[in-house]
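A.B. asks: A single structure is presented below for examination.
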Amino acid sequence: MAKSVLQIKNLSKRVGKKTIIRNINFEVYEGEVFGLLGPNGAGKTTIIRSIVSLISRTSGTVLIKGMDVSVDFKKTISEVGAIIENPEFYMYMSGMENLKQFARMSRKNISDEEINKIVAKVKLTNAINQKVKTYSLGMRQRLGLAQALIHNPSILILDEPTNGLDPQGMAEFREIIREVSKQGTAVLISSHLLGEIQQITDRFAIIEKGELTHIETMSDVMEDSHGKFVFKVSDVNKAIELLRMKEIDAVEVGSQLIEVTTVETQIPDMIRLLSAELDLYAVSAKTSSLEERFFELTEGGEL
């Protein structure tokens, strides 16, 4: 069983009389990508800032590899790599000069060889000696990842890391995150881009009005649609009637669309049944999305 890298216990934050987050509890394990989802203002960023002590915690405990952040901040935070909002650099220096400057500030001894390996991992080898002011947004985000990973942290924490990236930039970022997690690094990522979260996370938590309301694995979301098929037909009512005569449950889900719950081996018989009485345009297996699950669990809450 994978070891817990990050444990959040009863984390709360109040500002004056207002409670921002209340009794948050979750864990992130080695090699796992864990997503924090929630509507705008739900408290995701507050949780992340509390974990890395950018803001104080009203109550609760943050453990990194079993060590309390409040007891030995320097030791525990050295196990963390993070991008909170946008990474910051010396724009007049090259990417390599920025990384070496950061390496000098680290508690760990970081060799040039290690820096070069990280540069290659984030696919910046050809541009690493150029000044950062010449970098695109995607390149700066990858340099930020290099900076966060340079000291080989146990957990990588990312707050809205793909904001502003184009589709290619997002794909490159996803690929790097997958590689990092496969090598055993835990990843905690906050994002409002549900499609991106769906493609890279193993588990996710939903934060609403400062409270953690749900934790689920991505595999469970995808399996939710197992055994469900969508038929596009010329006459929905007639198709439903024909199927129900065979004791097959069918429901209308859209214009000319019906959804059937059955086993795959029964699909050919259904196709023959419907095709004999009406026009059948298409049949497809239904796939669930994180977006559908999110709106189901949050009763349509806005991102």
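The values are calculated or read from the model by the stated rules, or taken from the named source; none is laboratory data. Predicted, not measured: the structure shown is a model, and the values here were computed from it. Ideal geometry is used to build each Cβ from the backbone, glycine not excepted, and the neighbour counts take in all protein chains shown.
A.B. asks: Please enumerate the residues belonging to the range 13-41 that are in contact (Cβ under 8 Å) with a residue 40 or more places away in the chain, over 27 Å from residue 178 (Cα atoms) and surrounded by fewer than 18 Cβ atoms within 10 Å (Cβ to Cβ).
C.D. replies: Passing the criteria: 14, 19, 23.
A.B. asks: In addition: Do we have any residue at all in the range 135-149 that's surrounded by fewer than 15 Cβ atoms within 10 Å (Cβ to Cβ), in contact with a Gly (Cβ under 7 Å, 6 or more places away or on another chain) and either not assigned by TED's automatic domain parsing to the domain that holds residue 41 or not aromatic (Phe, Trp, Tyr) (or both)?
C.D. replies: Yes, that holds for at least one residue.
A.B. asks: Could you tell me whether the range 23-45 includes any residue that is outside any strand (DSSP E or B) and of a type in the set (Val, Ile, Thr)?
C.D. replies: Checked the range 23-45: at least one residue is outside any strand (DSSP E or B) and of a type in the set (Val, Ile, Thr).
A.B. asks: Further question on the same structure: Does residue 60 satisfy the criteria of being surrounded by 21 or more Cβ atoms within 10 Å (Cβ to Cβ), closer than 30 Å to residue 16 by Cβ and either small (Gly, Ala, Ser) or over 25 Å from the mean Cα position of the chain (by Cα) (or both)?
C.D. replies: In short, no.
A.B. asks: Moving on. Quick one: what pairs do we get from the range 168-182, first residue small (Gly, Ala, Ser), second outside any helix (DSSP H, G or I), C-beta under 7 Å, 6+ apart or different chains?
C.D. replies: Listed by first residue and then by second, the contacts come to 181/31; 181/32; 181/33; 181/187.
A.B. asks: Here's a follow-up. If you take the residues in the range 152-190 that are in a helix (DSSP H, G or I) and touching a Gly at 6+ places or on another chain (Cβ under 6 Å), which one is surrounded by the most Cβ atoms within 10 Å (Cβ to Cβ)?
C.D. replies: Here the residue is 181.
A.B. asks: Name the residues in the range 144-177 that are over 20 Å from the mean Cα position of the chain (by Cα) and aliphatic (A, V, I, L, M), would you?
C.D. replies: 150
A.B. asks: Next up: Of all residues in the range 67-99, which are part of a helix (DSSP H, G or I) and surrounded by 16 or more Cβ atoms within 10 Å (Cβ to Cβ)?
C.D. replies: From the range 67-99, those part of a helix (DSSP H, G or I) are 73-77, 95-99; that's our starting set.
Answer for the range 67-99, where residues must be part of a helix (DSSP H, G or I) and surrounded by 16 or more Cβ atoms within 10 Å (Cβ to Cβ): 76, 77, 95, 96, 97, 98, 99.
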